[in-house]
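Just below is one structure, and these are the notes that go with it.
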Amino acid sequence: MLDFIYWNADPILFSLGPISVRWYGLMFAIGFTLGYWIVAKMFKHEGAPESWLGTLLIYVVVATIVGARLGHVFFYEWGYYSQHPAEILKIWEGGLASHGGTIAIIISLFLFSWFVSHKPASWVFDKIVIPIALVGGLIRLGNLMNSEIYGGVTDLPWGFVFVRNHETMPAHPTQIYEALCYFALFGLLMWMYWKKNAEERPWLITGIFFIGIFLPRFLIEYVKNVQVQSEYEMIAKYGMNMGQMLSIPFILIGVGLVIWAMTRPRVPFSFPNKFAEDLHKSRTTKR
């Protein structure tokens, strides 16, 4: 008889009166904190203004939360939310879609490039996607602590019995599958940036990111449980669920970006390894 893992983690880390700190929220906070630190190191490495960091953080955080929520609403349960629009605001009740967050982040980074950095969009994309891979892995660990988004029944020895959900059969811990893929991608992208100067090939890191995030997502969906009832009809008709269909364009974009980056010469760049002087402060001082 196989020994499976009986999983009954409490999604709440601790409570202080009416306030509860959940593992899921903690993973978000850790991810954004580490992401800020990583991007700060990159900005300093390339001599970008330190003042851009706070602005970029606001763009990304707002885009992630709003985009992920609206992605779930429109892609997965529009039939329900179109009849109960006030429920859209109840983000604390769950319902976030990574594809929606990705689309919103893409839009926010283009806006950041146009209104703040005034640099080619590839400059910020090839940096921000690196910590996003880390955040993606941490969020999946948060899903594990919530005993959600797991797979179908398996007889593999690492199957998890999700006791909190009253499951009695072991299931694929797809949260761990995805987390491991995303952490591996994060390590690869860090190596490309810091050891191989891949940022000298605009869009290469971003292309690898799209492939490394959405190809595993596409494949793992085959062993993951259906998240909303409306997907059963889609699977019967197309052989794929919504998550897989939304992943295909990102995979193709990633392949296209890699080909584009590798067929063009490197863009030489000097690395001053210090924050550039804030232009606004400089002008203010001169006055």
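The values are calculated or read from the model by the stated rules, or taken from the named source; none is laboratory data. On a predicted model such as this, the values are computed, not experimentally measured, just so you know. Please note: Cβ atoms are built from the backbone with ideal geometry, for glycine as well, and neighbour counts cover all protein chains shown. The protein model used for the area step is the full one, side chains on, heavy atoms only, and it has no ligands, DNA or RNA in it. Shrake-Rupley method; radii C 1.70, N 1.55, O 1.52, S 1.80 Å.
Site pair T168 and W114 shows an inter-label distance of 5.7 nm when each label is modelled 7 Å from Cα along Cα→Cβ. Just to be sure I understand: if I project the alpha-carbon convex hull of the range 103-234 onto a plane and average over all orientations, what area do I get in nm²? Hull-based average projected area comes out at 10.0 nm².
From the residues V129, S117, I149, which one has its Cα farthest along the dipole of the range 104-254 in the positive direction, the dipole being from +1 and -1 charges on Cβ of Lys/Arg and Asp/Glu about the Cα centre? Going by the Cα projections, it comes out as S117. Residues whose amide H falls under 5 Å from that of R201, counting only those 5 or more places apart or on a different chain, are V267, with hydrogens built in the peptide plane. Looking at the chain, send over the antiparallel percent of its DSSP beta bridges, to the nearest 5. Roughly 65 percent of the DSSP beta bridges within the chain come out antiparallel. The magnitude of the dipole of the chain, with charges of +1 and -1 set on the Cβ of Lys/Arg and Asp/Glu and taken from the Cα centre, is near 1380 debye. Put a plus charge on the Cβ of each Lys and Arg, a minus charge on the Cβ of each Asp and Glu, and nothing anywhere else: the dipole of the range 119-270 about its Cα centre is then about 660 debye.
In this view, the solvent-accessible surface of M190, computed with a 1.4 Å probe and all protein chains in place, comes to about 50 Å². Per residue, the convex hull spanned by the Cα atoms of the range 59-112 measures out at 68 cubic angstrom. Estimated purely from DSSP H runs of n ≥ 4, each contributing -39500 (n - 2.57), the mean residue ellipticity at 222 nm for the chain is -19500 deg cm²/dmol once divided by its residues. Averaged over its residues, the range 1-151 has an accessible area of 50 Å² per residue, based on protein heavy atoms and a 1.4 Å probe.
Derived scalar couplings between HN and Hα for the range 228-238 equal 10, 4, 5, 6, 4, 5, 5, 5, 5, 8, 10 Hz in order, rounded to whole Hz, by the Karplus curve 6.51 cos²θ - 1.76 cosθ + 1.60 (θ = phi - 60°), x for Gly and Pro. For the Cα atoms of the chain, what angle does the longest principal axis make with the long axis of helix 242-262, in degrees from 0 to 90, nearest 10? Rounded to the nearest ten degrees, it is 30. The accessible surface of the chain, taken with every protein chain in place and a 1.4 Å probe, is 67 percent carbon and sulfur. Restricting the calculation to Cα atoms, the chain shows an Rg/Rh of 1.00 when the hydrodynamic-style radius is the Kirkwood one. The Cα atoms of the range 39-81 define a convex hull whose projected area, averaged across directions, is 3.5 nm².
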